[in-house]
Structures are given as structure tokens and as C-alpha cells.
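Asker: Have a look at this one.
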């Protein structure tokens, strides 16, 4: 179930099934007004939007409703593009159960505007990753998007 989908029966909120490794859900997460618009833009248009504070001149990605510094309501939405730079990264060699992976996964913190998105990196070997490396979001085809961060398949080097 994607973030933008609504649960109409409380019995449906008990388990999230990501395939073979289901786990119990104790509470519900809502993306909020800014988060819903952020995910809607990704789903419908393949664009990443942030919200800009007119006082602090900061563009938040993911978008927020209020500025974290001055608490001003953020009314301006900005298309921040689909490119950013690697701010930090980690390499994952084991699965959640502790077994070695066939090939390592690369998880990156991508700086876009004044914010960070955490996601996967493909198209790059572990030896070639560098802080500051420019990357671009690769989106799923529109028909496959569900309204969540996974609508971005991965980031790839430019």
C-alpha cells in the first residue's frame, strides 16, 4: 500500500506485506500535507519539489509546511529538479537477516537544494563513489508509480 492510499477498514492496518518478510505494524504514518504533495508530484509528474522559506531563503527537500528555523508557514513550492550531489553514503554487504548479499547495495544521502534524500545508488561501483559526486534520480515508469519514495527507482551518476 502506498502512502497516498487510504485504509478504510482498521483490520487492513495490521500487517504490511513487502513479500516474504511481513512484520506487524503498531502505528500509522502519515506524510502530512507537504509530504502528500511531495509524493504526488513524484507520482504524477516525475518531479521533486521542495518548499521555500521566504525569510530564511532555505528550500526544504522533502517539502515541509513550516520552516524549522523561523517557524514561518511555507507557501512557495519550488521544482528543485532531479539532480543532486552525494552528501554521504554507506555500503551494505549483508541482508537484514545477516546473510552476505550477492552484491553490495549502495545507500546515498543526496543533497538537493537545502535538503537530503536517502536512497539507493546504481550504475556505480563502490570504488568509484565520491562525496560531492553529481547524481540524477531515475523514476519508475508512470504506470508503476504508487505515491511513495520508491517511485524513484534509484539515483545514478551523471
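Asker: Tell me, 133, 33 in order of fewest to most beta-carbon neighbours within 10 Å?
Answerer: Details: 133 19, 33 11.
Ranking 133, 33 by Cβ neighbours within 10 Å, fewest first, gives 33, 133.
Asker: Can you sort 107, 152 from fewest to most other Cβ atoms within 10 Å of each residue's own Cβ?
Answerer: On the way: 107 14, 152 20.
Placing the least packed residue first, the sequence is 107, 152.
Asker: Here is a follow-up. Mind giving me the nanometre distance, one decimal, between the label points for residue 94 and residue 79, set 7 Å out from Cα along Cα→Cβ?
Answerer: 4.5
Asker: Could you work out the percent of alpha carbon pairs in the range 29-157 separated by over 19 Å, rounded to a whole number?
Answerer: Working: 4388 of 8256 pairs.
So the pairs more than 19 Å apart make up 53 percent of the total in the range 29-157.
Asker: May I ask you to list the residues of the range 84-103 whose amide nitrogen lies under 13 Å from a point 7 Å from Cα along the Cα→beta-carbon direction of residue 130?
Answerer: Backbone N within reach: 86.
Asker: Then there's this: With an 8 Å Cα cut-off and a minimum separation of 6 or more residues, compute the relative contact order for the range 29-157 in percent. It would help to have the intermediate numbers written out before the result.
Answerer: Numbers: 258 pairs, mean separation 30.0, N = 129.
Once normalised by length, the contact order is 23 percent.
Asker: Run the paramagnetic zone check for residue 144: 7 angstrom along Cα to Cβ, then residues of the range 113-133 with backbone nitrogen under 16 Å.
Answerer: Residues 120-123 fall inside that zone.
Asker: Hey, another quick one. Neighbouring Cβ atoms within 10 Å as the yardstick, rank 74, 117, 158 fewest first.
Answerer: Numbers: 74 22, 117 18, 158 11.
Fewest to most other Cβ atoms nearby, the residues stand as 158, 117, 74.
A short reminder: the numbers here are calculations on the coordinates, not readings from a lab. Bear in mind the structure is a predicted one, so any value in this text is a computation, not a measurement. A quick note on method: Cβ atoms are made from the backbone with ideal geometry, for glycine too, and the neighbour counts reach across all protein chains shown.
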